[in-house]
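The next block holds one structure in the form of structure tokens; read it before the comments.
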Amino acid sequence: MLKSNLKKDVTAIFIFLISCSIVMLPFIHSGTLHAGVDMSFHLNRIYDLYKNIQNGNAFSYISTYSFNQLGTFINMVYGFLPLYPMAICMIIFKNPIEAVYMGILFFMWISMIISYMMGIKFWGSRKKSLIFAFLYIFSEYTFNWWFKTFGLGQVIACSFLPLIFYGLYSIFYNDKKEWYFLSLGMIGVIYTHILSVMIYSIVIFFVLVLITISDWHRTIKNIKYLVYAIMSSFLATLFYWVTLLSAYGYDISTTKEVDISTAGIKFGDSIMNALNSGDSLGPLIVVVTIMGIGVWKKQSKMNKAIIILGIFSFCATTTLFDVAWNFLNNTPIKAIQWPGRILMISNFFLAVSSVDTFEILVGKSRRVLKYFVVCSGVIFLSLSSVYTLLNTRKNQTIIDYNPTSKRVAPFSDYQLTSTKGFKYFVTGYNVGVGSSDYWPKVDIGNAKIQEDLRNHIAYVGNKSTKVKYKSIPNGIEYILNTNKSGVDVDLPFFNYGNYSVKANGEKITYYKTKRSTIGIRILKKGTNEIKIVYQPSKCFRFVKWISIVTISLIVLYGISSEVGYIRTLSSANTDL
């Protein structure tokens, strides 16, 4: 039985790989990256890590190969986990456009595997788990975030939701308290997308309140396992929290907060938007949910609760909940930027509930054929969305030039069609999404300073000059010519503290200029070679090892716990 179930699981994993490849093939064949609003931000981050790895550095605290080569603290604020598969793909595939699409394919595949494995644990059914993986990962909502928005952080964070909510379910409703799944899920999200951490935490708290109201004895009995998950995930992500707090200690600018006092879309319009695949749930999830309500009496109590949670979170993204959003607009929750982000929760719950609805609707006869038709239908709908996007965005501006202050790249309506254009885009003059995030606040309000910094303008005494630079891991090198010695130089590289600065091979002191950049005094007349390298503190190195060791222990504990349980798990309701 164990070998039989293992063969079925391997078959399912292979099916996932083939399915992801089918969906991605038109994109790869097109040889074009079509811009979503967040694409500039993520491509710059991916390229920066790729160059760091290529030059022997596994993690970059500051961005020196992209984002205008200013040494911005981006990776200390924004989760870096999604960057690694993409960067590694850039090393394997010489064409960066193919590399990005292969990275997306990889994430989709891994997400399907996670959904499938957690589904087996939740339902004890491989058929249901297979259906869930297709419905969830190929949903219209995830497609929109992958390709229309190119919001890699948020969509990859969604991959961890099955781990998080199965872990939470296991803590309160299973005899085997698998709290480590909740812990691993939250670790993944924290290292991926901080705004999703806020949203997921609020939902977890809300679900915990509901559990407590329905059976407070259950909460008291199992709360210690939730504490295990919280503490272990905190220690495992201590590296991120310490670097985040350190970055904010330098009075940096952040992603702009917007008014969320209204959801901005009426309930009826939201339904039509979802049915029309307009950056929402998509028609499949909506129709199946309506059908699920139609067979309400046949639904289990658990699935009824999940449907209610899914519908509730969907309604929360509409003006029906404006009274709540008007209040939350004056709280830290405002940081989520717009109520529409809550659709990620609705999409997950409704995908979960749709599985049991399908089970009720298909009946017991010829199930394998019916499930095959469902999975094939999901792929068909995904391919339709792919070709719709490719056809509607083929007239976007092609970036085949090196962006400058005189000819900037479009903010969002553009496409990359070549390796040359890709490199121009990520290394050139950048005023795209997130290009000034985490800059020192003193520079944000001054357009002249911003333009000078993006153009690599240094000030030698009172004279401005464009300097030649060479990016290096966690640092930069400049070639600077001076007409006299003993002159002060304001370099176009941010000063967050903790640097090693050398002039002509000798270590020198540095200071913070009025631009919050690194200032030095040049003692030699003529050509000077300046090298600046960021030096992470001992504290950073210490907490990094705490996080690595904690993650390793959680994984080992999880494996050891699962090994003794795997035979029972593999023989449970094996109906694939």
#### Entry: Count of residues meeting criterion [closer than 17 Å to Phe150 by Cβ, of a type outside the set (A, V, I, L, M) and not in a loop (DSSP other than H, G, I, E, B)] in the range 65-75
1
### Task
Name the single residue, out of those in the range 450-474 being polar (S, T, N, Q) and closer than 28 Å to Ala247 by Cβ, that is surrounded by the most Cβ atoms within 10 Å (Cβ to Cβ).
Asn474
### Query
Which one of these does Val442 not meet: (1) out of contact with any Ser or Thr (no Cβ under 7 Å at 6 or more places or on another chain); (2) on the phi < 0 side of the Ramachandran plot; (3) not basic (Lys, Arg)?
(1)
### Query
Hey, among the residues in the range 13-62 that are in a loop (DSSP other than H, G, I, E, B) and in contact with a Ser or Thr (Cβ under 7 Å, 6 or more places away or on another chain), which one's most open to solvent (accessible area, probe 1.4 Å)?
Val37
### Query
Which of (1) at pLDDT below 90; (2) surrounded by fewer than 21 Cβ atoms within 10 Å (Cβ to Cβ) is the odd one out, the single condition Pro82 does not satisfy?
(2)
#### Entry: Residue that is on the phi > 0 side of the Ramachandran plot, modelled with pLDDT under 90 and either buried (at least 17 other Cβ atoms within 10 Å of the Cβ) or of a type in the set (Asp, Glu) (or both), where the choices are Asp251, Asp269
Asp251
### Residues being farther than 19 Å from Ser436 by Cβ and polar (S, T, N, Q) - total across the range 61-95
1
### Task
Mind listing whichever residues of the range 282-318 are surrounded by fewer than 20 Cβ atoms within 10 Å (Cβ to Cβ) and touching a Lys or Arg at 6+ places or on another chain (Cβ under 9 Å)?
Trp296
### Query
Is there a residue being at pLDDT below 90, crowded, with 17+ Cβ neighbours inside 10 Å, more than 27 Å from Trp241 (Cα to Cα) and not basic (Lys, Arg) anywhere in the range 548-566?
no
## Note on the structure
Scanning the range 324-341 residue by residue, the ones that are under 14 Å from Ala157 (Cα atoms) and open to solvent by 30 Å² or more (accessible area, probe 1.4 Å) total 0
### Summary
Within the range 81-125, residues of a type in the set (A, V, I, L, M, F, W, C), under 21 Å from Leu195 (Cβ atoms) and out of contact with any Leu (no Cβ under 7 Å at 6 or more places or on another chain) come out as Leu81, Met86, Ile104, Phe107
### Message
Going by what's in this entry, would Lys177 be described as open to solvent by 10 Å² or more (accessible area, probe 1.4 Å), among the basic types (Lys, Arg) and touching a residue at least 40 places away in the same chain (Cβ under 8 Å)?
### Response
yes
### Query
Residues Phe348, Phe321: which one is of a type outside the set (A, V, I, L, M), touching a residue at least 60 places away in the same chain (Cβ under 8 Å) and buried (at least 16 other Cβ atoms within 10 Å of the Cβ)?
Phe348
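Residues checked against (1) assigned to a helix (DSSP H, G or I); (2) touching a helix residue (DSSP H, G or I) at 6+ places or on another chain (Cβ under 6 Å); (3) among the basic types (Lys, Arg); (4) without any contact (Cβ under 8 Å) to a residue 24 or more places away in the chain:
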site	(1), (2), (3), (4)
Tyr250	no, no, no, no
Thr254	no, no, no, no
Asp259	no, no, no, no
Ile265	no, no, no, no
Gly268	yes, no, no, yes
Ile271	yes, no, no, yes
Leu281	no, yes, no, no
Ile285	yes, yes, no, no
Val288	yes, yes, no, no
## Note on the structure
Exactly one of Ile211, Ile202 is open to solvent by 30 Å² or more (accessible area, probe 1.4 Å), of a type in the set (Val, Ile, Thr) and modelled with pLDDT under 95, and that one is Ile202
### Query
Do we have any residue at all in the range 221-230 that's assigned to a loop (DSSP other than H, G, I, E, B) and not aliphatic (A, V, I, L, M)?
no
### Message
Given the options Met108, Met102, Met112, name the one that is closer than 26 Å to Ile28 by Cβ and open to solvent by 20 Å² or more (accessible area, probe 1.4 Å).
### Response
Met102
### Query
Which of the residues belonging to the range 538-547 are without any contact (Cβ under 8 Å) to a residue 60 or more places away in the chain and either among the hydrophobic types (A, V, I, L, M, F, W, C) or assigned to a strand (DSSP E or B) (or both)?
Phe542, Trp545
### Summary
The residue that is most open to solvent (accessible area, probe 1.4 Å), considering only those in the range 367-422 that are of a type outside the set (A, V, I, L, M, F, W, C), closer than 25 Å to Asn455 by Cβ and touching a Phe, Trp or Tyr at 6+ places or on another chain (Cβ under 7 Å), is Arg407
### Message
Report every pair of residues separated by at least 6 positions or lying on different chains whose Cβ atoms are under 9 Å apart, first residue within the range 29-43 and within 20 Å of Ser66 (Cβ to Cβ) and in contact (Cβ under 8 Å) with a residue 24 or more places away in the chain, second surrounded by fewer than 19 Cβ atoms within 10 Å (Cβ to Cβ) and among the aromatic types (Phe, Trp, Tyr).
### Response
Ala35/Phe411; Val37/Phe411; Ser40/Phe411
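The values are calculated or read from the model by the stated rules, or taken from the named source; none is laboratory data. The structure displayed is predicted, hence computed values, not measured ones. Glycine also receives a Cβ, built like all others from the backbone with ideal geometry; neighbour counts cover every protein chain displayed. For the accessible areas, the whole protein counts, side chains as well, though only heavy atoms, and no ligand, DNA or RNA atoms are used. Shrake-Rupley method; radii C 1.70, N 1.55, O 1.52, S 1.80 Å.
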